[in-house]
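Following: one structure in structure tokens, then a few remarks.
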Amino acid sequence: MLLLADQNLRDFLLVHGLHALLPHLFVTGNRPVPSSDSVSFGLASALVLLLCALLATMRMKRRERVANWSPAWMRAWRLAVVLGFFVIWEACLQVWSAQNPFEAYVADPVTFWAARPMPVASQLSVQRLDGLFDTDYSSAKEPGRYRIMFLGDSQAISVQPHRYGGPKTYPKFLAGLEYVGPNGEIIETINAAISGYTSWQGLLLLRNLGLGYHPDLVVAAFGYHDSVPAISSDSQVMTDDPRIHLLRTWLYRSRIYLLIRTLALRQQSFAADREPGRLNVPRVSASEYETNLRAMAELGRQNGFRLAVLLEPFRDAHVGVATRKYREAACRVADREGLIVLDVFTPVAALDPIEREALFDDDIHLKAAGHRRVAHLVAEGLSAAGVLRKDPPEP
């Protein structure tokens, strides 16, 4: 569940991944809730329609006494009122949602949330298709191109906590540096990170969507959200099982279902506030994190791409301590599977606190200067691994 900001902002394209003071919102690895405006409209419209249904029923009862209608006819009428209530309510919610398309995320039957599909419009600066914010290279890969896909969370896609950074993010900034592929190819980068994602969601996204982009290299930058406490792990509530996928696909088409589910999730959040002990497992354990990275590596062997693991940098030491076992797990998997390790954490942690402060907006989200620093560190790491090489200037 993500924190959605004011939906009236027309340039609102990204939301904060996880507020440090609200870890309980990830009680079951859930998708982001609809906006507060959506919830308010949904409840208000339900109340109005319910009052209309009650008035209609009272009116028909008076007519029943006058016309002496049969019990069977009245049962049919009551059933029609109930069905009509839900049909009209669903129609109202669907129309309202279509007219207010500024929710940054939508429910996804596989990963629980994805970027909201939206065509290019004059008031927006990015096209969102396929559940990704970055669709610069949604077409087939051309010859002479080396395509790098970045999987991760909000750190990789935000410049300021509530904005999609586009070309200012380190995956996109990397493509503008003076590097080429191992055989002199032009570098293409796809920023496939989604706010709040864990390695399990990244694996599901890679299986179901990422492979279609035919990357040559996949960079996985996870760990922070994997460590967040939850009632149940992500793997228990998210799956790409085709039967569950089909069921969720149909359920998520209903705005009534999403509204009711939102209210249920809020109730879970309140319960977690009252009973902190309920949050007794991480969203993804360190052992599950290793398993997810190994599965990504196996997908790479089957589909012709290399896998690199990026150790995320943080501003504050306590976040680094909380995620240490995930960095250790990533290094173990990399050693066993022959993966590339992009250690961005260590050089950033070694900076003077004032220098480090200049790179971050908060504990995890980077400023534009931070994205530039990370892009250079990633380029240096990939160059050392023989993946990228400096593009010599033209004479």
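The values are calculated or read from the model by the stated rules, or taken from the named source; none is laboratory data. Just so it is clear, the model here is predicted, and its values are computed rather than measured. Cβ atoms come from the backbone with ideal geometry, glycine included; neighbour counts cover every protein chain shown.
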Margin query: Within segment 140-157, take every residue that is assigned to a loop (DSSP other than H, G, I, E, B) and under 22 Å from the mean Cα position of the chain (by Cα) and give me the one that is farthest from Gly370 (Cα to Cα).
Written below: Asp153
Margin query: So, in segment 225-274, how many residues would count as being of a type in the set (D, E, K, R), under 21 Å from Cys92 (Cα atoms) and at pLDDT 75 or above?
Written below: 2
Item checked: segment 279-297, residues that are within 15 Å of Gly223 (Cβ to Cβ) and either touching a Phe, Trp or Tyr at 6+ places or on another chain (Cβ under 7 Å) or touching a residue at least 60 places away in the same chain (Cβ under 8 Å) (or both) -> Arg283, Val284, Ala286, Glu288, Tyr289, Asn292, Leu293, Met296
Check: When you go through (1) at pLDDT below 85; (2) surrounded by fewer than 18 Cβ atoms within 10 Å (Cβ to Cβ); (3) hydrophobic (A, V, I, L, M, F, W, C) one by one for Leu132, which number turns out not to apply?
Finding: (2)
Check: Out of all the residues in segment 382-395, which are assigned to a loop (DSSP other than H, G, I, E, B) and surrounded by 19 or more Cβ atoms within 10 Å (Cβ to Cβ)?
Finding: Val387, Leu388
Notebook entry, point to check: Restricting attention to segment 185-195, does a residue exist that is modelled with pLDDT under 90, touching a helix residue (DSSP H, G or I) at 6+ places or on another chain (Cβ under 9 Å) and part of a helix (DSSP H, G or I)?
Noted result: no
Margin query: Residue under question is Gly176, and the condition is that it be free of Cβ contacts under 8 Å to residues at least 12 places away in the same chain and over 19 Å from Phe360 (Cβ atoms); does it hold?
Written below: yes
Check: Based on what the data block shows, is Glu103 of a type in the set (Asp, Glu), modelled with pLDDT under 75 and not in a helix (DSSP H, G or I)?
Finding: yes
Next item on the list: Provide a single number: the residues in segment 361-376 that are buried (at least 21 other Cβ atoms within 10 Å of the Cβ), part of a helix (DSSP H, G or I) and not hydrophobic (A, V, I, L, M, F, W, C).
Entry: 3
Next item on the list: Could you figure out which of (1) in a helix (DSSP H, G or I); (2) surrounded by fewer than 16 Cβ atoms within 10 Å (Cβ to Cβ) isn't true of Ala379?
Entry: (2)
Next item on the list: For segment 171-208, name all the residues that are aromatic (Phe, Trp, Tyr) and over 18 Å from the mean Cα position of the chain (by Cα).
Entry: Phe173, Tyr179
Checklist line | Selection from segment 320-335 of residues that are more than 20 Å from Trp200 (Cα to Cα) and at pLDDT below 95 | finding: Gly320, Val321
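Residues are listed down the side, and each one gets a yes or a no for (1) under 18 Å from Leu339 (Cα atoms); (2) touching a Leu at 6+ places or on another chain (Cβ under 6 Å); (3) surrounded by fewer than 24 Cβ atoms within 10 Å (Cβ to Cβ); (4) acidic (Asp, Glu):
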{"residue": "Gly202", "(1), (2), (3), (4)": "yes, yes, no, no"}
{"residue": "Arg207", "(1), (2), (3), (4)": "no, no, yes, no"}
{"residue": "Tyr213", "(1), (2), (3), (4)": "no, no, yes, no"}
{"residue": "Ala220", "(1), (2), (3), (4)": "yes, yes, no, no"}
{"residue": "Asp226", "(1), (2), (3), (4)": "no, no, no, yes"}
{"residue": "Ile231", "(1), (2), (3), (4)": "no, no, yes, no"}
{"residue": "Val237", "(1), (2), (3), (4)": "no, no, yes, no"}
Note to self: Looking at (1) at pLDDT 50 or above; (2) under 30 Å from Gly152 (Cβ atoms), which one does Asn30 not meet, given that it meets all the others?
What the structure shows: (1)
